[in-house]
Every structure is written in C-alpha cells, then in structure tokens.
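Notes to accompany the following structure.
The values are calculated or read from the model by the stated rules, or taken from the named source; none is laboratory data. On a predicted model such as this, the values are computed, not experimentally measured, just so you know. Glycine also receives a Cβ, built like all others from the backbone with ideal geometry; neighbour counts cover every protein chain displayed. The protein model used for the area step is the full one, side chains on, heavy atoms only, and it has no ligands, DNA or RNA in it. Shrake-Rupley method; radii C 1.70, N 1.55, O 1.52, S 1.80 Å.
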Amino acid sequence: MSGKLDELSDEELMVLYQKGHAEAFDQLYRRYADRVYGYLRKRLRDPQAVNDVFQASFLKLHRSRNQFNSTFTLAPWLFTVVRTTLFDWQKDRQNKVLQVELDEEIFVQLSPVPEPVATLARTDLLRLPVSQRSAIEMRYFEDLSFAEIANRLETTPGNVRQLVSRGIRNLKSFFLKAGG
C-alpha cells in the first residue's frame, strides 16, 4: 500500500490518517520530519530541546488530527501545530526560569513589607519610563506572560523581558539610593 500512498496528496493522507490508517501518518512523517526538524533547529540552540519539541509536535499533531480540515493545505496547518508546540515549550521554560529568578530576588521575602517601603516602591514605580512601568505592571500585577505583554505593547517577548529586567534594576537602584 505504501506505493499508492506515495501518489496521494498530503491532504488525502491526512484524511486517511484521521480514519485510522497508520501508514498514512508514516508517509506524512517521511515527507515532513526533516523540514520540521530543520525549522526547530534554526530556532533552538540546544539539540535536546530540538528533539523534545520535535517529538511533542508530532504528538500534538496526532492528538489534534481530527481538527484538520481537508479543504485546506496540510503544510501551513502542520507548521502552526509546530509553532504552537514551540511557543508552549518556550513559555513553560521561561516560567521556570522566571520563578527561579524571582525566588532569588532580594525583594521576595516571607515577612510583610513595611508600609514606608511599600509606599516608596509605589512612588519609585512612577519614576520608571512608561514602557518599563507598563511591562512590570502587566507582568507582576496582571500576571500576564511575556508573549501577552508583547502583544499588548506591540513588541517582541524578548524586548518585554528586557523592559522588565531593566525596570527591576532601576527599582533596586532607587531603593538602594533611598537607603533601603
């Protein structure tokens, strides 16, 4: 049957796969595995991360196979699945890194913040450039992800991380100059 599968379009193979034909998936995998792997390799430096996201992408493809509409072409849909998987992986990784960073920050303490310090912090927040203040407020007060903030500020998640990082550095500087 694999000879006949070679002649089918991607969309026809996907319809067969939706109906439970594993050979159709095997054929799609042969057609797209190298392209998906190359796409991920260009975006991730760590080979283990590439492998993890690669496997997760095809697992997600399997789980969402019934959502595919055969009136559309497969490649854009497949790469949307891959991009979403990559984004989810990066978001999860960023959240883990951020949690470690926050745990190490000197302003994260178990004891309550004295009122004069809290007032000083609110005042210092107003001294930040608008972009830094907005990014910090959205990140820590609204609990938005870097991607969500980037969307609101019409910038990249990397730029948002820089804005937050610089804002925190400025707040620390303000605090230390005030004798905190």
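Annotations for the structure displayed:
- Filter result for Gln67 (modelled with pLDDT of 90 or more and exposed (fewer than 11 other Cβ atoms within 10 Å of the Cβ)): yes
- Residue within segment 22-29 that is closer than 22 Å to Phe146 by Cβ and modelled with pLDDT of 80 or more present: no
- Residue match in segment 62-78 (condition: more than 30 Å from Arg139 (Cβ to Cβ), in a helix (DSSP H, G or I), basic (Lys, Arg) and in contact (Cβ under 8 Å) with a residue 40 or more places away in the chain): yes
- Residue tally, condition farther than 22 Å from Arg93 by Cα and touching a Lys or Arg at 6+ places or on another chain (Cβ under 8 Å), over segment 135-166: 0
- Qualifying residue in segment 84-98 (condition: over 30 Å from Asp143 (Cα atoms) and either open to solvent by less than 80 Å² (accessible area, probe 1.4 Å) or modelled with pLDDT under 90 (or both)): no
- Residue count, segment 140-172 (criterion: open to solvent by 20 Å² or more (accessible area, probe 1.4 Å), small (Gly, Ala, Ser) and over 19 Å from Phe87 (Cβ atoms)): 1
- Of all the numbered requirements in (1) among the charged types (D, E, K, R); (2) under 30 Å from Gly158 (Cα atoms); (3) in contact (Cβ under 8 Å) with a residue 40 or more places away in the chain, Asp10 misses one, and that requirement is (2).
- Output for segment 27-57, where each listed residue is open to solvent by 20 Å² or more (accessible area, probe 1.4 Å) and either in contact (Cβ under 8 Å) with a residue 12 or more places away in the chain or in contact with an Asp or Glu (Cβ under 8 Å, 6 or more places away or on another chain) (or both): Tyr29, Arg31, Tyr37, Tyr39, Arg43, Asp52, Phe54, Ala56
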